Amino acid sequence: MPTGAALAVIAVAIVINLAVMAAIVVPPILGRRSPLASDDRPDPDAPGLDGIDAGRLIGGLIGNAEDEPTAYDRIVRIVSWVFLLSTAVIVGTSGLWPDTTPAIFVLLGVAGAFVLVVHDLLPPTTLGAARSILEGTVALTFATFLVLLTGGHASPFFFTFPLIVGAAALVVRPMATLILALAAAVGYIVAVSVGTSAPSGLGLATVGVNLTALMLLAYVGSVIGREQRRSRDAAIRLSAVDSLTTLFNRTFFFAALDREMARSARSGRGFCLLMLDLDELKAINDRHGHHAGDMVLRAVAETIKGGVRRIDVAARHGGDEFVALLPETDPTGGWVVAEKIRLNVAAIALPGLDRSPTVSVGVVSYPHDGQSVDDLMISADQAMYASKRAGRNRVAGPASEASESRPVAVAGQGSRSV
């Protein structure tokens, strides 16, 4: 291959890598989302999530957000090594490219070293979100040189480009897939243009068909990948969200409570747990019907949701009981939140009801009121029933007198902002 052609390919590879890295760095500087970011945004058509992302749902249900990256690493590592070893065997045994065989083996060695370093030596979190982008640009550069060294338009290794783009389309956003497909097309055109012989006639037709197939595969892969993610997110939402109130269900809540307890044990920073019971729901159902009872449950759930932070976890515990997990909140802050929710619920005005609903609230903290999930839930249940026994529409702790107006400081709640 002429020196000028080699320099041209190197220059194109550098430009492609710089363009992709700019797509990562520039949008956040301008206050925008990178088009190469992962597509884990919530589905706007899915009911009741209000901005809760799929990553949080997955983390809350399985309790280990590192499982997916581990599976991804394993798949990429297996595919990469199988491809590199197969290519080495084919090139070494066929003898089809005697003039470029040494360069091909050097290219395979460099690619193998990259896979070894990124997937075996470096910790999975070292490169962060840029890891998959780096892998994509390096893979496209590798594919460009491989096609260039094995005959250009006549190379049997064109499938490397669709393999890279098709695999990426299943896991990244459509815009990222489009960028990768365009970069792959540029790399392929460069590889077939600066080779030993420029394509003509049948060769040009082959190049055109290959490029068309590449773009169609990128489109099909992006559609399939997006639908798979939507289906996955919908299934996770169905298993994590209560359909009536759109709060989290008890399955998600207990998984989140387990995770928060482990995190708190490591950091030494406690948290609060609220248990709320809707007072006299049966009387509302008997007097106004179950539709009115459902309306009250939804209204109370919305009030609870509006009274907690985004990092808090509000859930329907069952029937007319609700729970709220407040990370990094001291007992005083927990009382403030509980009292605010109680007052807001008592101010709800619903058509057809002669009076506002009320809630009885129990407030407990970790680790003071329980050092296990069961102990903490028992303490919260006891605190809630203490407020019931004291006359309902109150806030109580596990060993305190329930009151409608327990003195608390509204400002200066330590780590809690209300």
Can you find, among L281, A390, V336, the residue sitting farthest towards the positive end of the charge dipole of the range 250-396, where Lys and Arg contribute +1 and Asp and Glu -1 at Cβ?
V336
What distance in nm separates the two pseudo spin-label positions at L350 and S86, each 7 Å out from Cα along the beta-carbon direction?
6.1
Can you work out D for the range 250-396 in µm² s⁻¹ from Stokes-Einstein, where Rh is the Kirkwood radius over C-alpha pairs, the temperature is 37 °C and the viscosity is 0.692 mPa s?
214
Rank-order 233-243, 285-295 by packing density, defined as the average count of other C-beta atoms within 10 Å over each peptide's residues, highest first.
233-243, 285-295
Length released on extending from R392 to D99, taking residue separation times 0.36 nm less the Cα-Cα span:
96.7 nm
Scattering profile of the range 75-117 at q = 0.25 Å⁻¹ [log10 I(q)/I(0), Debye over alpha-carbon scatterers]:
-0.84
In whole angstrom, how far apart do the alpha carbon centroids of the range 377-398 and the range 82-96 sit?
72
Checking rank on 327-336, 262-271, with mean other Cβ inside 10 Å and highest first, the result is 327-336, 262-271
May I ask you to derive the relative contact order of the range 179-290, considering only C-alpha pairs under 8 Å and at least 6 residues apart, and to give it as an integer percent?
12
So, with +1 on the Cβ of K and R and -1 on the Cβ of D and E, and no other charges, what is the size of the charge dipole of the range 250-396 about its Cα centre, to the nearest 20 debye?
280
The distance between the Cα centres of the range 265-305 and the range 342-360, in whole Å, is 11
Can you work out the FRET efficiency for the pair A113 and R263, with r the C-beta to C-beta distance and R0 = 41 Å, to the nearest 0.05?
0.65
Given contacts defined as C-alpha pairs under 8 Å and at least six residues apart, what's the relative contact order of the range 250-396, whole-number percent?
30
Length added when fully stretched, T206-V223, from 0.36 nm per residue minus Cα-Cα
3.5 nm
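Values quoted throughout were computed directly from the atomic coordinates according to the rules given, and no laboratory measurement underlies them. Remember, predicted model here, so these are calculated numbers, not experimental data. So basically every Cβ, Gly included, is an ideal-geometry build from the backbone, and we count neighbours across all protein chains shown.
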